[in-house]
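Written below as structure tokens is the structure these notes are about.
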Amino acid sequence: MTTLSQVGEFGLIDQIKKGVSSSRSIVCGVGDDTAVVKSPSGLQLLTTDMLVEDVHFTCKMSPLAIGHKALACSISDVAAMGGQPQYALISLGAPANFSKQFILTMYRGLQRTAKKFGVHVVGGDTVKSNKLTINVALTGEVASKNLVTRKGARPGDQIFVTGPLGKSFTSGWHLKFIPRVKEAHYLVKYFKPTAMMDISDGLAADLGHVLKASGVGAVIEEEKVPRRQKATLQQALHDGEDFELLFTLSSQQAQKLTKQKLPFKFFFIGGIVKEPGLLHVINKKGKARNISPKGFEHFKP
């Protein structure tokens, strides 16, 4: 018997993808930050995120912050596609003896975030479970001209992130991050990223997803990677739960971005190369080393 720990989260997803049906209305299916389908008004975004007690949070943490995180994760996915979040369905699993006040406070945190980003909670489900579990299904919309996926990076493109990375859990950032919706809208309006996604599993892992989807490689400049609270390079590359945007720009657009006075901070960290799957880090002396596109992955021991 093959176990989930043997195939890993992304190996399982790859196998599930083989049996998923297709349709002319599906612009982007399994394998990006959100699914994208055609609708009479344009393009509809669909995403879902599940948070589980003792994996994504503990019940010793603030219920307000847990509620924020539950919705903010999905909003971050919509931002990564260049979209605007719209409607949410919230499903909850909890033990029968769990505190009602904790749940209500958690929902209050979720609703605060919904209001801030213009999201309407329109339903959901509740069930009994052994541990507290929150699932958010979120829709969004994006104009066809503004849609950005993971598969558009090309050799010569430059790589950027929207903020510092690493030590998300020890700093508490994973509970208080702000989805980069405004930054995403600014980028798609003025700079047309060639590829984009949010950093949830770690810079190396998520950049690896972009490289795989685009059929290219990348070189990261060690000294350029922004780090949170004196995080090591290893932590910045692999910790995850940063929820910053990772995006690529053509050399022309990158030059334009670096020369203008901008309302947001964007950090150049490296470039795209033509060798598929190559992922190198170069130190300040110019010495390159290969790194593994690994980060947090469910089911792995």
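Among the residues of region 57-76, the ones that are surrounded by 21 or more Cβ atoms within 10 Å (Cβ to Cβ) and charged (D, E, K, R) come to 1 in all. Residue pairs whose Cβ atoms lie under 8 Å apart, separated by 6 or more positions or on different chains, with the first residue in region 173-201 and under 24 Å from residue 235 (Cα atoms) and the second part of a helix (DSSP H, G or I) and among the acidic types (Asp, Glu), are 197/206; 198/77; 198/206; 199/206; 200/206. For region 116-132, the count of residues that are free of Cβ contacts under 8 Å to residues at least 60 places away in the same chain and closer than 22 Å to residue 266 by Cα is zero. Flag: residue 195 does not match the condition of being at pLDDT below 95 and among the aliphatic types (A, V, I, L, M). Listed conditions (1) more than 30 Å from residue 66 (Cα to Cα); (2) modelled with pLDDT of 95 or more; (3) not charged (D, E, K, R) are all met by residue 232, apart from (1). Sub-7 Å Cβ pairs linking a first residue in region 238-258 that is assigned by TED's automatic domain parsing to the domain that holds residue 80 to a second residue that is of a type in the set (Asp, Glu) and part of a helix (DSSP H, G or I), at least 6 apart or interchain, number zero. Scan region 62-114 for residues that are among the aromatic types (Phe, Trp, Tyr) and touching a Gly at 6+ places or on another chain (Cβ under 8 Å) and jot them down. 107 - this is the single residue of region 62-114 that is among the aromatic types (Phe, Trp, Tyr) and touching a Gly at 6+ places or on another chain (Cβ under 8 Å). Looking at this structure, is residue 144 over 23 Å from residue 241 (Cα atoms), of a type in the set (S, T, N, Q) and either surrounded by fewer than 17 Cβ atoms within 10 Å (Cβ to Cβ) or at pLDDT below 95 (or both)? When the stated conditions are applied, residue 144 passes them. Which ones in region 61-94 are of a type in the set (S, T, N, Q) and modelled with pLDDT of 95 or more? Hits for region 61-94 are 62, 74, 76, 84. Residues in region 152-175 that are within 15 Å of the chain's Cα centre (by Cα) and more than 18 Å from residue 254 (Cα to Cα): 164, 165, 166, 168, 173, 174, 175.
The values are calculated or read from the model by the stated rules, or taken from the named source; none is laboratory data. Nothing here was measured: the structure is a model prediction, and the numbers come from that model. Please note: Cβ atoms are built from the backbone with ideal geometry, for glycine as well, and neighbour counts cover all protein chains shown.
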